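Engineer: Take a look at this one; I'll ask things after.
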Amino acid sequence: MQALTPEVIAAGLRDKNEKVRVAAVRVAEEAQTAELIKLVNDPSAEVRLHLAFKLSGLPGPEVEKALITLLEQANSSLFAE
């Protein structure tokens, strides 16, 4: 069995299928934080949810900014319905 390489995970983060992106977010490593942050505006709520869980365990001001953006998006979508 082949191990998931950073390249395979990065490709998964860019996949058109949201389930593939969710799986890639879940297995991504801290070294891929910059690639994860690019998903803050992903059209899939499921991807953004898993992204929030993943980022919440990572350090850094750019991560905090991404989490704030995710929370603001979630809050505004609650009132848009």
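Engineer: Hey, what D do you get for the chain in µm²/s if you plug the Kirkwood alpha-carbon radius into Stokes-Einstein at 20 °C and 1.002 mPa s?
Structural biologist: For these conditions, the coefficient is 166 µm²/s.
Engineer: Right, something else. Could you rank the peptides 32-43, 7-18 by their average count of other C-beta atoms within 10 Å per residue, with the highest value first?
Structural biologist: For the peptides 32-43, 7-18, the packing ranking is 32-43, 7-18.
Engineer: What is the magnitude of the charge dipole of the chain about its Cα centre, with +1 placed on the Cβ of each Lys and Arg, -1 on the Cβ of each Asp and Glu, and no other charges, expressed in debye to the nearest 20?
Structural biologist: Charge dipole, the chain, about its Cα centre: 160 debye, nearest 20.
Engineer: Accessible area per residue of the chain at 1.4 Å probe, in Å²?
Structural biologist: 70 Å²
Engineer: Ignoring ligands, DNA and RNA, please state the percent of accessible area on the chain from carbon and sulfur, probe 1.4 Å.
Structural biologist: Carbon plus sulfur share of accessible area: 59 percent.
Engineer: Run the helix sum for the chain: -39,500 (n - 2.57) per DSSP H stretch of 4+ residues, divided by residue count, reported at 222 nm to the nearest 500 deg cm²/dmol.
Structural biologist: -20000 deg cm²/dmol
Engineer: Hey, rough spin-label estimate for A11 and A34, points 7 angstrom out along Cα→Cβ, what's it come to in nanometres?
Structural biologist: Rounded to a tenth, the inter-label distance reads 2.1 nm.
Engineer: Given points 7 Å out from each Cα along the Cα-Cβ axis, report the L4 to I68 separation in nanometres with one decimal.
Structural biologist: Taking the two extended label points, one gets 3.0 nm.
The values are calculated or read from the model by the stated rules, or taken from the named source; none is laboratory data. These numbers come from a predicted model, not from an experiment. Counting neighbours? That spans all protein chains shown, and the Cβs are built from the backbone with ideal geometry, glycine included. Each accessible area value is taken on the protein alone, full model and side chains, heavy atoms only, with ligands, DNA and RNA left out. Shrake-Rupley method; radii C 1.70, N 1.55, O 1.52, S 1.80 Å.
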